Every structure is written in C-alpha cells, then in structure tokens.
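Okay, so here's the structure we're looking at.
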Amino acid sequence: MSIRVLVVDDQSLVRGGFRTILDSEDGIEVVGEAANGEEAIAAVAALSPDVVCMDVQMPGMDGLEATRRITADEASAAAVLVLTTFNREDYLFAALEAGASGFLLKNSSPEQLIEAVQVVARGDALLSPDVTRRVIEAVATRATAEPAALAPAAGHEPKPAPELETLTDREREVLEQLAVGLSNAEIAERLWVGEATVKTHVSKVLMKLGLRDRVHAVVYAYEHGVVRAKR
C-alpha cells in the first residue's frame with residue numbers, strides 16, 4: 001500500500017516541487033494539494049491521506065490551526081509533518097502542542113523529505129538531533145519564563161499526573177532518557193538493555209500516558225516535573 005500524502009503550501013511552485021519529489025518514490029503517492037488551512041482540512045476529510053506535509057505561514061487559516069483541527073479529528077488518522085525554517089521557536093512549540101508528528105527544514109534534501117514522510121507514516125515522530133535540541137530548549141525556556149504554567153511554585157513540587165503512577169520503574173527511566181533527546185540505541189546503551197526492549201518500553205510509555213509520539217513525550221516530561229529545565 002502506498003503512503004497517501006497531502007501537500008499544503010500557499011506557493012504553487014513549492015507544492016509542485018514537493019509533489020515531484022514524493023511521486024518519484026515507490027510507495028508514496030501525492031493524492032492532493034491545498035493552499036491554506038481551510039483547504040487542507042477539507043482535503044483531509046475528502047482524501048484520507050496518511051501524511052499531511054503542512055506549511056506554517058499561509059493566508060487565511062494558518063498551518064498551526066489546521067494541524068490542531070486535523071489531529072483533533074477522531075475520524076482522521078493523518079499524521080502532520082510541519083515544514084519549517086526553524087527561525088521561529090514559537091511556531092515549533094505551537095506545532096508540537098497542536099499535535100504535529102514531525103518537523104522538517106524547507107531547505108532539506110529530497111531524500112530527507114522522503115524519509116520524513118516514511119517515518120511519520122509509520123507512526124513514529126521525526127525527531128532529529130537538531131529538532132530534539134530545539135524542542136528541549138523551547139520547553140526549558142518556557143519552564144523558566146512561565147513558572148506558573150510549567151515550573152513548581154516557590155517551595156512546592158509539581159504535582160505529577162496520575163497516569164505517571166502507572167509506569168514501571170524502567171518505563172520511568174526510559175521517559176527520563178527520552179526527555180533529554182536520546183535515541184533508542186543511546187537509551188539501550190545507558191540502561192544496558194537491548195534496543196528492541198527499549199522500543200517496547202517507549203511504546204508502553206506513550207500508550208500509558210496517552211501521547212502521540214516521542215516529541216510529545218519530551219514536552220510531557222518537562223510539564224509534569226519528570227525532568228527539570230536547567231536554569
């Protein structure tokens with residue numbers, strides 16, 4: 001079965017370029033295009049894509065609001081890959097909160113675009129080291145700048161979410177390692193277990209905490225005091 005892709009960008013030349021790249025890869029089919037958020041939502045409902053390649057800045061409804069609505073729709077199984085220039089950290093974090101599963105620089109290579117689509121189509125998060133660092137930096141900055149929202153009040157510990165209590169000690173360790181951006185291989189090396197075992201633990205952590213992917217595990221860990229932002 002081919003991966004069905006919807007390309008969303010307000011520039012027709014960009015959409016055409018992405019279509020050409022993706023359609024050239026066996027196993028990927030671009031099933032539609034959209035020029036703004038409203039068109040994207042309608043196209044997702046009509047075409048049932050597996051992956052939406054979403055631009056952020058578009059006229060009318062932007063990519064962030066469209067991502068929020070698409071990922072909140074229980075009738076849609078589409079994963080959203082946000083295309084960003086990384087020059088706006090607020091966009092990165094807002095896209096995370098909206099439910100995006102991956103981030104890609106617009107100047108990435110064709111091979112990287114193809115791989116990104118394949119990764120998010122599998123249900124994984126596209127979490128490159130650069131993206132991981134930026135996510136962690138963004139969460140840490142918010143934790144420092146917004147103590148009422150993410151950091152404990154003076155003299156008080158953050159109240160862990162009840163679902164954290166469902167994690168085993170090992171699963172908690174894995175979540176802590178995820179939060180600092182380690183890959184499965186790196187976690188396996190640190191915990192002296194096999195990489196397949198780590199993958200199983202990661203899946204259980206995401207399931208128990210109701211998280212979409214590894215990217216959102218990073219945010220969750222900071223927001224609920226599993227790890228602390230460096231000050």
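The values are calculated or read from the model by the stated rules, or taken from the named source; none is laboratory data. Worth saying up front: this structure is predicted, and the values here are computed from it rather than measured. Please note: Cβ atoms are built from the backbone with ideal geometry, for glycine as well, and neighbour counts cover all protein chains shown. Heads up: the accessible areas ignore ligands, DNA and RNA and are worked out on the full protein's heavy atoms, side chains in. Shrake-Rupley method; radii C 1.70, N 1.55, O 1.52, S 1.80 Å.
Here are some notes:
- Note on segment 1-13: among residues that are surrounded by fewer than 17 Cβ atoms within 10 Å (Cβ to Cβ) and under 24 Å from the mean Cα position of the chain (by Cα), the one that is modelled with the lowest pLDDT is Met1.
- The lone criterion from (1) open to solvent by less than 60 Å² (accessible area, probe 1.4 Å); (2) modelled with pLDDT of 85 or more left unmet by Val218 is number (2).
- Hey, Val31 touching a Cys at 6+ places or on another chain (Cβ under 6 Å) and over 21 Å from His216 (Cβ atoms) or not: no
- Residues (hydrophobic (A, V, I, L, M, F, W, C) and open to solvent by 70 Å² or more (accessible area, probe 1.4 Å)) located in segment 38-75: Ala45, Ala46, Ala72, Ala75
- Where Leu22 falls short, out of the listed (1) closer than 20 Å to Gly99 by Cα; (2) at pLDDT 95 or above: (1)
- Counted residues, segment 15-37 - those being within 16 Å of Asp55 (Cα to Cα) and either open to solvent by 40 Å² or more (accessible area, probe 1.4 Å) or not assigned by the TED database to the domain that holds Val117 (or both): 2
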